[in-house]
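Remarks on the structure that follows.
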Amino acid sequence: MNLLVINGPNLNLLGMREPKIYGHATYSDLVQLLEDWAQSAKVHLEIYQSNHEGQIIDKIQEAYYTCDGLVLNAAAYTHTSLAIHDALAAVQLPFVEVHISSVSLRESYRQWSYIENLALKTIEGQGFEGYLQALTFLKNYLSHSH
Ligand code: DQA
């Protein structure tokens, strides 16, 4: 099984970025956590981060040929990007939307998600643990649908 985690803009700054909201653990800590999960789950996992909308779209398009499913934290693009929505609609890959913070309890401009209606589910407010919940859900989903 080939899975892909995509992290959007500013998530490379985890650790220094608004630690009261996102915590003190760094992006490298997140990568390590995900790699450890992949090893014990015996899943091939690629982990990708970009600050650029077009690169995220390219990665979603590429995933059509290489991946069985995605975990996506599109960060601020969640709330703005019809183009990322359209890429996800085009490839029709199963994916779980993740947010580290509780977006539904934050500012009103974070309440709308362009991708929620396409996602298998949305996990928010669980910190890094949310990525592991998403990967576990996706792995179970894919092993039952194949
Ligand atoms: C985020 C929430 C978004 O509103 C924000 O723009 C982010 C991170 C989260 O993981 O909580 O960059 O997706």
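The values are calculated or read from the model by the stated rules, or taken from the named source; none is laboratory data. Since we're looking at a predicted model, the values are computed, not measured. Using ideal geometry, Cβ is built from the backbone for each residue, glycine included, and neighbour counts are taken over all protein chains shown. Side chains are part of the model used for accessible areas, which takes the heavy atoms of the whole protein and leaves out ligands, DNA and RNA. Shrake-Rupley method; radii C 1.70, N 1.55, O 1.52, S 1.80 Å.
For the range 90-123, the candidate set comprises residues that are more than 13 Å from the ligand (Cβ to nearest atom) and part of a helix (DSSP H, G or I); within that set, the residue that is nearest to residue 63 (Cα to Cα) is 91.
Take residue 124 and tell me if it is touching a Gly at 6+ places or on another chain (Cβ under 9 Å), open to solvent by 20 Å² or more (accessible area, probe 1.4 Å) and within 22 Å of residue 30 (Cβ to Cβ). Yes, satisfied. Based on what the data block shows, is residue 133 within 14 Å of the ligand (Cβ to nearest atom) and open to solvent by 60 Å² or more (accessible area, probe 1.4 Å)? Considered against the rule, which asks whether it is within 14 Å of the ligand (Cβ to nearest atom) and open to solvent by 60 Å² or more (accessible area, probe 1.4 Å), residue 133 comes out as yes.
Which condition from (1) away from the ligand (no atom under 15 Å from the Cβ); (2) under 24 Å from residue 145 (Cβ atoms); (3) touching a residue at least 24 places away in the same chain (Cβ under 8 Å) is the one that residue 83 breaks? So residue 83 meets the others, but not (2). Would it be correct to say that residue 10 is more than 15 Å from the ligand (Cβ to nearest atom) and either open to solvent by 50 Å² or more (accessible area, probe 1.4 Å) or over 27 Å from residue 142 (Cα atoms) (or both)? Spelling it out, it is not the case that residue 10 is more than 15 Å from the ligand (Cβ to nearest atom) and either open to solvent by 50 Å² or more (accessible area, probe 1.4 Å) or over 27 Å from residue 142 (Cα atoms) (or both).
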